[in-house]
Amino acid sequence: MRAKLPVQVLFLLGPICYLFWSHWTVLNGHILSDSFSHLYNCYQWSQNHEMMSRLGRLFYQSINETGGADMYRPLAIVSYCVDYSLWGVNPFAHKFIQLLFHILNGLLLFSILVKLCREYRLDLVFATMVATLYLIFPVTPEVSAWVATRADSLVQFFMLAALYAAWRKQLFWACLWLILALLSKESAIMIVPMLVSIAWFGQTRNPKLKHRIIETINRA
């Protein structure tokens, strides 16, 4: 018998509580130097009264700091400066926001997997297990507690949101989330083929193809 959705959502409270418990020491620790450099830029721009002009420039220029690689991540830098405006350089606040993004991404992933499970008549336990693994995987602290990886957290959030909107055939929201993902990190371009595939598969509505996919998944 398949578990109902409310039970699965309640089950996810366990991994989420574990994340807060396991990250508590890290949340109260110091900010690493590479993370602090981003906040220092925001501090310097604020002191020179050029915050808005600097942030605006990021949207039509690549990030090339002191000989670093060319990158295009304006929205990530904006998020650092918004956090700095709210919390200053408080380590707990910055890391807590980072952890919240990770949890939100896990819940978004769970929502997408629930739709897949219902579409292909799979047990919702699959969605719960995958979301749980995503939340508490050993490499999680690389994203959930490291402030310098804000771009990764943002691009994951917007990519998952775009997939969710595309699955629900909400074209406007899918395009909006895609644009925000591209403004967060260059790697978001990889989601374009996925969105095209979802749109194509949704238009075909071939019951035989759907039946073959279900049989293949059940055999795996």
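Between VAL125 and ASN28, the modelled label-to-label distance comes to 3.9 nm, taking each label 7 Å out from Cα in the direction of the beta carbon.
At full extension, SER53 and ASN90 could sit 10.9 nm farther apart than now, given 0.36 nm per residue minus the alpha carbon distance. The chymotrypsin sites (Phe, Trp or Tyr not before Pro) found in segment 4-61 that occupy coil by DSSP, while having at most 15 further C-beta atoms within 10 Å, are PHE59, TYR60. The length gained on full extension between LEU100 and PHE20, counted as 0.36 nm times the residue separation minus their Cα-Cα distance, comes to 27.8 nm. Rounded, prolate or oblate: which fits segment 129-170, taking a ≥ b ≥ c as square roots of the Cα gyration tensor eigenvalues, rounded meaning a/c under 1.5, else prolate when a/b beats b/c? Oblate, since a/c reaches 1.5 and b/c is not below a/b.
Values quoted throughout were computed directly from the atomic coordinates according to the rules given, and no laboratory measurement underlies them. Treat the numbers as computed from the prediction; the structure is a model and nothing was measured. Because the Cβ atoms are built from the backbone with ideal geometry, glycine has one as well, and the counts that use them run over all protein chains shown.
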